[in-house]
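Student: The structure follows.
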């Protein structure tokens, strides 16, 4: 295990990701993609309420956030997370045809977005791009 207080940001395993999606299939896909590149999946949430709670508890380096979810949608959760931590790194995930929602999310503080169906290469490129802009 990595000593969280002594992170070496040159290793992917030191990056902790929170996956937020109401689809078990998408969660499993993202977990497989991240684990294949030695990213640590710090936690999983199925709605915005749990995402906010887990973000505060786990303090992940990055969040992948579905836009459409029950209880609290992704844009509301994004807004709450960004108001809690202005440096939060959140990548939104949306179905094709939701460009207006993606634009709203980017304006609310999302760092990037990924469209479904997920493309492994694009997911890894966008995650690496956002994480490379870390402190």
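The values are calculated or read from the model by the stated rules, or taken from the named source; none is laboratory data. In this text the structure is predicted, and so the values were computed from the model without any measurement. Neighbour counts are summed over all protein chains in view; Cβ atoms, including those assigned to glycine, are modelled from backbone coordinates with ideal geometry.
Student: Please work out if residue 127 is out of contact with any helix residue (DSSP H, G or I) (no Cβ under 6 Å at 6 or more places or on another chain) and in a helix (DSSP H, G or I).
Tutor: yes
Student: While we're looking at this one, here's another question. Looking at (1) closer than 22 Å to residue 125 by Cα; (2) buried (at least 18 other Cβ atoms within 10 Å of the Cβ), which is the one condition that is false for residue 37?
Tutor: Exception for residue 37: condition (2).
Student: Could you check, for segment 43-57, whether at least one of its residues is surrounded by fewer than 18 Cβ atoms within 10 Å (Cβ to Cβ), touching a strand residue (DSSP E or B) at 6+ places or on another chain (Cβ under 7 Å) and in contact (Cβ under 8 Å) with a residue 12 or more places away in the chain?
Tutor: Our first condition is that a residue be surrounded by fewer than 18 Cβ atoms within 10 Å (Cβ to Cβ); within segment 43-57, this holds for 49, 53, 56-57.
In the following step, the residues that additionally are touching a strand residue (DSSP E or B) at 6+ places or on another chain (Cβ under 7 Å) were identified as none.
There is no residue in segment 43-57 that is surrounded by fewer than 18 Cβ atoms within 10 Å (Cβ to Cβ), touching a strand residue (DSSP E or B) at 6+ places or on another chain (Cβ under 7 Å) and in contact (Cβ under 8 Å) with a residue 12 or more places away in the chain.
Student: Among the residues of segment 91-115 satisfying the criterion of being outside any helix (DSSP H, G or I), free of Cβ contacts under 8 Å to residues at least 24 places away in the same chain and under 19 Å from residue 62 (Cβ atoms), which is farthest from the chain's Cα centre (by Cα)?
Tutor: Residue satisfying both the conditions and the ranking: 115.
Student: In segment 1-23, which residues are outside any strand (DSSP E or B), under 20 Å from residue 56 (Cα atoms) and at pLDDT 50 or above?
Tutor: 14, 15, 21, 22
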